[in-house]
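What follows is a short report on a single structure.
Read-outs: derived from the displayed coordinates by stated rules, not from any lab. Remember, predicted model here, so these are calculated numbers, not experimental data. Reconstructed Cβ throughout: ideal geometry from the backbone, glycine too, with neighbour counts over all protein chains shown.
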Amino acid sequence: MVLIGTARTRQGITVGGFTLLEVLATFVLIVIIIPVAMKGLGMIMKLTDQSVQKVEACSLAEGILTELVVTQDYLNGSMNGDFGEDWPKYRWETQVVDWSGVAVKEITVYVYWEESLREEAVTLSTLVYPE
């Protein structure tokens, strides 16, 4: 007697053209591969988020640095602040120092943010010659 979907052969029971051993081996491989693939995807998502935050912080630091140079506010010394409601998790600080004893100033902007319960930062510097 032959049932629908299964057939009895000399090699054993087949289901849709596959033996029971082949189907079981496939299930074992799936059980092993899926958790590894999901962990890899999780790591990729975390690294992508970290990269986005660093790019945003660099862009914000560049904006602050450009503003300081154009307005010459760096002449007032070191400053700090935040980016308001548009970028609530980022804050910035500047440091202005004389560079190598000449009239050139080094302006450094630090942008900080919290990531996984620790503080991350990017630093951007430039040299300016006051007019």
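Overview of results
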quantity: Summed residue charge, Cβ within 9 Å of GLN53's Cβ, Lys/Arg positive, Asp/Glu negative; calculated: -2
quantity: Eligible aspartates and glutamates near LYS39 by straight Cα distance, threshold 16 Å, same-chain separation 8 or greater; calculated: ASP49
quantity: Ellipsoid semi-axes in whole angstrom, largest first, where each is sqrt(5λ) of the Cα gyration tensor of the chain; calculated: 65, 13, 11
quantity: Set of lysines near LYS46 by C-alpha distance (under 27 Å), chain-local residues within fewer than 8 positions excluded; calculated: LYS54, LYS89
quantity: Distance between the stretch 35-49 and the stretch 78-102 - C-alpha centres, whole angstrom; calculated: 34 Å
quantity: More than 14 angstrom apart: percent of Cα pairs within the stretch 29-91; calculated: 71 percent
quantity: Tilt relative to the chain, helix 20-71 - C-alpha long axis, 0 to 90 degrees, to 10; calculated: 10 degrees
